[in-house]
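Asker: Got a structure for you, written out below as structure tokens; questions coming shortly.
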Amino acid sequence: MSAQTAIYEPGEDPDAGPTDRAHPDQPETAPGAARKPARYTLKGQATFYSAGWTAMRLPRGTVVIICGGGGCIERTVTDYGPQDPARVVDLYKPDFFRICGCPSWSGVTNVTVHVY
């Protein structure tokens, strides 16, 4: 078979689509502006799972800021869990490694959760 009798023609690779959560540009806050104080703070361990939810023993819709060795993220509670009392939150895997600051083989990290 020659190149002139080929059944198909090579084309461009298809668009793979988004690979991460959107990170919109946020306006700068005014000097002196601050977030309202948290209702309370929890300290404990966080784990991850691949379901895409943030699970805590709080009502769904509760806004939390979760801080670890690698930084902080703001999320809304969308599921109930975890079952182990020492663990305060189960995170979506990319969120876990964003705040963890730990190697990819880690499964548990210490966090502080600010509940709003």
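Asker: Give the stretch 79-113 a look and list any residue that's charged (D, E, K, R) and assigned to a strand (DSSP E or B), or say none.
Answerer: The first filter runs over the stretch 79-113 and keeps only residues charged (D, E, K, R), leaving 79, 84, 87, 90, 93, 95, 98.
Residues satisfying the conditions are ASP79, ARG87, ASP90.
Asker: Moving on to the next point. Only one of ARG21, ARG75, ARG60 is out of contact with any helix residue (DSSP H, G or I) (no Cβ under 9 Å at 6 or more places or on another chain), of a type outside the set (Phe, Trp, Tyr) and either surrounded by 14 or more Cβ atoms within 10 Å (Cβ to Cβ) or modelled with pLDDT under 95 (or both). Can you tell me which?
Answerer: Values: ARG21 fails: out of contact with any helix residue (DSSP H, G or I) (no Cβ under 9 Å at 6 or more places or on another chain); ARG75 fails: out of contact with any helix residue (DSSP H, G or I) (no Cβ under 9 Å at 6 or more places or on another chain).
So the residue among ARG21, ARG75, ARG60 that is out of contact with any helix residue (DSSP H, G or I) (no Cβ under 9 Å at 6 or more places or on another chain), of a type outside the set (Phe, Trp, Tyr) and either surrounded by 14 or more Cβ atoms within 10 Å (Cβ to Cβ) or modelled with pLDDT under 95 (or both) is ARG60.
Asker: If you go through the stretch 24-57, how many residues are at pLDDT below 85 and either loosely packed, with under 10 Cβ neighbours inside 10 Å or more than 20 Å from ASP79 (Cβ to Cβ) (or both)?
Answerer: So the answer is 14.
The values are calculated or read from the model by the stated rules, or taken from the named source; none is laboratory data. All figures in this text were calculated on a predicted structure; none of them were measured in a lab. When we count neighbours, we look across all protein chains shown, and the Cβ atoms used for this are built from the backbone with ideal geometry, even at glycine.
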